[in-house]
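First up is the structure itself, then whatever we jot down about it.
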Amino acid sequence: MQETQIKEPVAAVAFNWVDAKGAERPVKGIVGKPYQVDDRQWACPYVLQGAFEQGPDIAGGDSIQALSLALYGLYHDLIRLLDEGGRLLHPNTREAFDLVTLKATFSRSTSQFQVVT
């Protein structure tokens, strides 16, 4: 699988992915900086390196929407790995990254939010 370069990454997350057959490899989700396409559209690149080829940049009506949709796309790519019978492990601790934690990481669940004071 060819490694894709996001020109201006703004966020990244790394895991070890253990597929349904037990093979393990690193994967890295990268989200790029949103950019303006024209007066009415923005776009944002993302990729899950090590698992899928980079698709087209995600379009939105403004930079927040494009960024949010790119994060949502990355979240769904990670869910796809889990749905195929795989497991995601923290690269340092090797703790399993379950669906509840994944949802909290991508703001799909508010039950695990912590306020920074």
Check your understanding: Residues L67, L48: which one is among the aliphatic types (A, V, I, L, M) and open to solvent by 50 Å² or more (accessible area, probe 1.4 Å)?
Key -> L67
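Every residue, every condition in (1) without any contact (Cβ under 8 Å) to a residue 12 or more places away in the chain; (2) open to solvent by 40 Å² or more (accessible area, probe 1.4 Å), yes or no:
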{"position": "P9", "(1), (2)": "no, yes"}
{"position": "A14", "(1), (2)": "no, yes"}
{"position": "W17", "(1), (2)": "no, no"}
{"position": "G22", "(1), (2)": "yes, yes"}
{"position": "K28", "(1), (2)": "no, yes"}
{"position": "K33", "(1), (2)": "no, yes"}
{"position": "V37", "(1), (2)": "no, yes"}
{"position": "R40", "(1), (2)": "no, yes"}
Review point. For I79, are the conditions met, namely being open to solvent by 40 Å² or more (accessible area, probe 1.4 Å) and among the hydrophobic types (A, V, I, L, M, F, W, C)?
Key: no
**Study point:** Those residues of the range 68-104 which are at negative phi, among the charged types (D, E, K, R) and not in a helix (DSSP H, G or I), in sequence order
**Key:** E84, R87, E95, D98
Review point. Hey, does the range 58-67 have a residue that's at pLDDT 95 or above, small (G, A, S) and in a strand (DSSP E or B)?
Key: yes
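The values are calculated or read from the model by the stated rules, or taken from the named source; none is laboratory data. Small disclaimer: the values here were computed from a predicted structure and weren't measured. Backbone-built Cβ (ideal geometry, glycine too); neighbour counts: all protein chains shown. Quick note on the areas: whole protein, heavy atoms, side chains included, nothing else; ligands and nucleic acids left out. Shrake-Rupley method; radii C 1.70, N 1.55, O 1.52, S 1.80 Å.
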